[in-house]
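Notes to accompany the following structure.
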Amino acid sequence: SAPVVLAEDTMTAGVHSATRTIEDITADPPRPAVRGMIGARGGGSSRKVLAEVLPDEAAAGTPLYLMLDDIAGASLVAGFAYSRWVPREQLLVAMANGPRRNMEGICTGFQPGSGALMPDGSSQWNHQVQTVGPLVREDDPIGWHDLPEITEISMRRARRIDVTMGDVIEIDSMFQDSSTVPDGGRVAVHEYLVRATADPATGELLSISADPRVLPYDECPLASLTVDRIVGTPLRDLRAAVLEIFPGTSGCTHLNDAMRAMAEVPVLVDSLLGRSHR
């Protein structure tokens, strides 16, 4: 049968490249409250402000809320595209003259002693990447919404969450961070596939596995080995629970985001079962 669009939102934000501060933001359909995020810095700050100014969007599990929550991660990885387009010599000069952030301890990939770290604690720029093809496939035309072809310097964070109902709730989810490159096409720096099941009566996670497809450093995939620590958590609680269970070096920033995004699954389940979201 033909697909039915249940909800569609568009968000446009201007974020300062150095500070990751939200300087302007709009939503379509309009939500005037979204302007309350102006001045928030991408990361924990933007998520705290988001929860304060748009609680109804969170409760309803709207696409807009998921996109606004993703400003934290998308703004963090945006600079990767710069490294694909700028000559290495110019990049090294920019790194030497620019601010250096101590990354040690912020995630599994940057655990103390990691090969991903420079002596001063900043991150190495020798990311492991993989050439990737278009997300849209001819044999699955409704798998993605329209994705414009972009040839100039840009970064894209794409996220998909598919839900199937049976004896259990089956979740098949993926996300990918990719950049355009001067020679054409795209390369991915982050890509995870997450599969999970949940109890249709209680909404609690029954199982979960994470497949790290593309990650920048050798240590990064270690985070995927402990995801079963959230088994038993209600799907609705994942946004907060994941941050509590996988802080710092016990988790991967991007895998955490993928697991937190599954908090939207109950909205999809309610739609499949023809009941209003509560």
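Per-structure values
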quantity: Counted residues, the stretch 46-89 - those being within 16 Å of the chain's Cα centre (by Cα), open to solvent by 40 Å² or more (accessible area, probe 1.4 Å) and without any contact (Cβ under 8 Å) to a residue 40 or more places away in the chain; calculated: 1
quantity: Flag for Thr226 being within 23 Å of Val132 (Cα to Cα) and of a type in the set (Val, Ile, Thr); calculated: no
quantity: Test: residue in the stretch 147-155 that is open to solvent by 60 Å² or more (accessible area, probe 1.4 Å) and over 21 Å from the mean Cα position of the chain (by Cα); calculated: yes
quantity: In the stretch 206-225, residue farthest from Val77 (Cα to Cα) [restricted to those that are of a type in the set (Ser, Thr, Tyr) and modelled with pLDDT of 95 or more]; calculated: Ser207
quantity: Selected residue (only one of Gly143, Gly115 is farther than 28 Å from Glu264 by Cβ and either open to solvent by 20 Å² or more (accessible area, probe 1.4 Å) or in a loop (DSSP other than H, G, I, E, B) (or both)); calculated: Gly115
quantity: Residues located in the stretch 262-278, provided they are over 21 Å from Ser209 (Cβ atoms), aliphatic (A, V, I, L, M) and surrounded by 15 or more Cβ atoms within 10 Å (Cβ to Cβ); calculated: Val267
quantity: Condition broken by Arg156, with the remaining ones in (1) in a loop (DSSP other than H, G, I, E, B); (2) over 20 Å from Tyr217 (Cβ atoms) satisfied; calculated: (1)
quantity: Tally of residues being surrounded by fewer than 21 Cβ atoms within 10 Å (Cβ to Cβ), in a strand (DSSP E or B) and in contact with an Asp or Glu (Cβ under 8 Å, 6 or more places away or on another chain) across the stretch 161-170; calculated: 4
quantity: Matching residues, the stretch 181-212, being small (Gly, Ala, Ser), open to solvent by 20 Å² or more (accessible area, probe 1.4 Å) and touching a Lys or Arg at 6+ places or on another chain (Cβ under 7 Å); calculated: Ser209
quantity: The stretch 130-142 residues that are farther than 21 Å from Ser1 by Cβ, paired with ones that are among the hydrophobic types (A, V, I, L, M, F, W, C) and part of a strand (DSSP E or B) (beta carbon under 6 Å, 6 or more apart); calculated: Gln130/Ala188; Gln130/Val214; Thr131/Val187; Val132/Ala188; Leu135/Ala158
quantity: Ser46 vs. criteria among the hydroxyl-bearing types (Ser, Thr, Tyr) and either touching a helix residue (DSSP H, G or I) at 6+ places or on another chain (Cβ under 6 Å) or under 14 Å from Arg260 (Cβ atoms) (or both); calculated: yes
quantity: Within the stretch 1-80, helices (runs of 4 or more DSSP H) holding 3 or more residues that are within 29 Å of Gly143 (Cβ to Cβ), in contact with a Ser or Thr (Cβ under 8 Å, 6 or more places away or on another chain) and not acidic (Asp, Glu); calculated: 71-77
quantity: Hey, Ile161 among the β-branched types (Val, Ile, Thr), in contact (Cβ under 8 Å) with a residue 24 or more places away in the chain and farther than 25 Å from Tyr82 by Cβ or not; calculated: yes
quantity: Exclusive hit being touching a helix residue (DSSP H, G or I) at 6+ places or on another chain (Cβ under 7 Å) and at pLDDT 95 or above, set Gly203, Gly232; calculated: Gly203
quantity: Selected residue (criterion: nearest to Arg236 (Cα to Cα)) from residues of the stretch 20-44 that are open to solvent by less than 60 Å² (accessible area, probe 1.4 Å) and modelled with pLDDT under 90; calculated: Gly43
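Matching residues to (1) in contact with an Asp or Glu (Cβ under 8 Å, 6 or more places away or on another chain); (2) open to solvent by 20 Å² or more (accessible area, probe 1.4 Å); (3) under 26 Å from Gly44 (Cβ atoms); (4) without any contact (Cβ under 8 Å) to a residue 60 or more places away in the chain:
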residue	(1), (2), (3), (4)
Asp172	yes, yes, no, yes
Ser179	no, no, yes, no
Val214	yes, no, yes, no
Gly232	yes, yes, yes, yes
Asp237	no, yes, yes, yes
Leu255	no, no, yes, no
Arg260	yes, no, yes, no
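The values are calculated or read from the model by the stated rules, or taken from the named source; none is laboratory data. Everything numeric here is computed off the predicted structure, so don't read it as measured data. Glycine also receives a Cβ, built like all others from the backbone with ideal geometry; neighbour counts cover every protein chain displayed. In case anyone asks, the SASA skips ligands and DNA or RNA and just uses the protein heavy atoms, side chains included. Shrake-Rupley method; radii C 1.70, N 1.55, O 1.52, S 1.80 Å.
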